[in-house]
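No value in this document is a laboratory result; all are computed from the given coordinates. Note that this is a predicted model, so its numbers are computed, not measured. No Cβ is skipped: glycine too gets one built from the backbone with ideal geometry, and neighbour counts run over all protein chains shown.
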Amino acid sequence: MLTWPAPQIPALPGEGRQVRVHDSSTGAQVVAAHGRRATMYVCGITPYDATHLGHAATYVAFDLLYRAWLDAGHEVVMASNVTDVDDPLLERATATGVGWRDLATEQIALFAEDMTALGVVPPDVYEGVVETIPRVQDAVARLLETGAAYRVPLEAGAGGTEPGLGDVYADLSADPSFGDVARLSPQEMATLFAERGGDPERPGKRHPLDPLLWRRERPGEPAWDCATLGSGRPGWHVECAVIARDGLGLPFDVQGGGADLLFPHHEMSTSHARLIDDGHGARTHVHAGLISYDGHKMSKSRGNLVLVSRLRADGVDPMAIRLAILAQHYRSEWEWSDAVLAGGLARHARWVAAVSGNGGPSPDATLDAVRDALAADLDAPRALAAVDAWADAALAPGRDTSADEVGAPGVVARTVNALLGVRL
Ligand code: 5CA
Ligand code: ZN
């Protein structure tokens, strides 16, 4: 799948720090990159409604990690998917009378525009489900062969011309490490599974939590032929397991997304990854806090959305949107508001003014402070405060300019651009 243009990332003097991030599984701050090559899988969008501030905040969070890793000298490889075949997309397409492919194509393009405007580095590997079908089929067939998956009989009318082959589910009892990612109680797992796309009530499953791997053809739903599995389409979690395996290799360093993906999605995709290749899935799981609006989590299903494209159409500079997002730590749960946007706009204007002077106070301590802040679990608010302090000093009326450095504004602008993704 085509990505979007990569932003230019300027070189900075000195060296970046080793980056620590909060591991959702253990609560510890860990050095997630295991070698010179640092790998991350960031779950992509389900393209049925345009990019909202919640999506933007999550992708900006992982963009900070990408940039901090680059600064630390890593070769970074990031993979992402697009869930371009899944129930919510198909339901929206049916409800609006638009073809599901057309809906996805349009929303994928809009997402790419929004990400470009926000200065998010594009993934190095970017695949839609429709591009991965044969590989998913192979993976599911293999799980059936090894006994880690089983078939569940279909209701009447399902299954196209071969109704005898059932839907395929993963048998979670085949994975002794299942549960290690989110570390939840059975009751918590049951609740979240039911809320987040699972089907605990499906008759014929061995365990209510067993996740769908291959959904056989249903009337009116897209389906792909497959000799071993029968016509159908992939389940949600296996898509991410296969794209991560093929794009990054197993194990990989970081699996990321919004906090709503920790369970069941990342628990299940990690379990699938373990079983399809005797691998270990992701070593570290990193999650961004969920953004709300009007008192509820911003979500396509609820409809309480602030769209990046809408703000852009209203003339808001996307760099001010990015600064508004960065004013909160990526793991905190916060509410988007006019005041948050106003804060981003004001900071953007002040920073632009501060780097526009001929010379300024030494930038060395500012660059150090931004690097230190990002290395400590991507503490963007602390990084912003360091740049604010430099801007305050640069813009102080009647200040002593005798120790000014002529190149200082340029170094600060490059710091902000390279590490925070904010072009001034
Ligand atoms: N396609 C799947 C992942 S494989 C999916 O969850 N798509 S999504 O479009 O629903 O969400 C895309 C990303 O945005 C996910 O990482 C999700 O956790 C994140 N996200 C969704 N809503 C919010 C929100 N309100 N705040 C923060 N992040 C959010
Ligand atoms: Zn995913």
How much net charge surrounds residue 273 when only other residues with a Cβ under 12 Å from its Cβ are counted (Lys, Arg +1; Asp, Glu -1)? -3
Quick check on segment 304-375: take the gyration tensor over C-alpha atoms, sort the square-rooted eigenvalues as a ≥ b ≥ c, and tell me if it's rounded (a/c under 1.5), prolate or oblate. oblate
Quick one: divide the alpha-carbon radius of gyration of segment 320-414 by 2.2 N^0.38 Å and tell me what you get. 1.13
Angle check, please: helix 236-248 long axis (alpha carbons) against the longest principal axis of the chain (alpha carbons), in degrees 0 to 90, nearest 10. 60
For a bin width of 5 Å, list the pair-distance distribution of segment 385-424 built from all Cα-Cα distances, rounded to whole %. 6, 21, 28, 26, 12, 6, 1
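Find the percent of Cα-Cα distances in segment 114-171 that exceed 14 Å, and round it to a whole number.
Across segment 114-171, Cα pairs with separations above 14 Å total 70 percent.
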Stokes-Einstein, Kirkwood over Cα pairs, the chain, 25 °C, 0.890 mPa s; D in µm²/s equals 108
In degrees, nearest ten, helix 133-145 long axis to first principal axis of the chain (Cα): 60
One quarter of the C-alpha convex hull surface, i.e. the mean projected area of segment 1-104 in nm², amounts to 8.7
Pick out, from 164, 104, 89, the residue whose Cα sits farthest towards the positive end of the charge dipole of segment 79-185, with +1 on the Cβ of Lys and Arg and -1 on the Cβ of Asp and Glu. 164
Once R0 is set to 41 Å, what does the formula 1/(1 + (r/R0)^6) return for the Cβ-Cβ distance between residue 36 and residue 130, expressed as a FRET efficiency to the nearest 0.05? 0.75
Using only the Cα atoms, work out Rg/Rh for segment 220-353, with Rh taken as the Kirkwood radius, to two decimals. 1.10
Taking Rh as the Kirkwood radius, which is the inverse of the mean 1/r over Cα pairs, what is the Rg/Rh value for segment 47-125? 1.06
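Lys and Arg at +1, Asp and Glu at -1: add these up for the other residues within a Cβ distance under 13 Å of residue 42 and post the number.
Once positives and negatives cancel, what remains is -4.
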Here the Kirkwood hydrodynamic radius of segment 134-224, Cα-based and in Å, equals 14.3
Nearest 0.05, what FRET efficiency do residue 101 and residue 187 give at R0 = 41 Å with Cβ-Cβ as r? 0.55
With Kirkwood's inverse mean 1/r over C-alpha pairs for Rh, give me the Rg to Rh ratio of segment 144-301, two decimals please. 0.98
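Among 14-24, 260-270, what's the highest-first ranking by average C-beta atoms within 10 angstrom per residue?
Ranking, from highest mean packing down: 260-270, 14-24.
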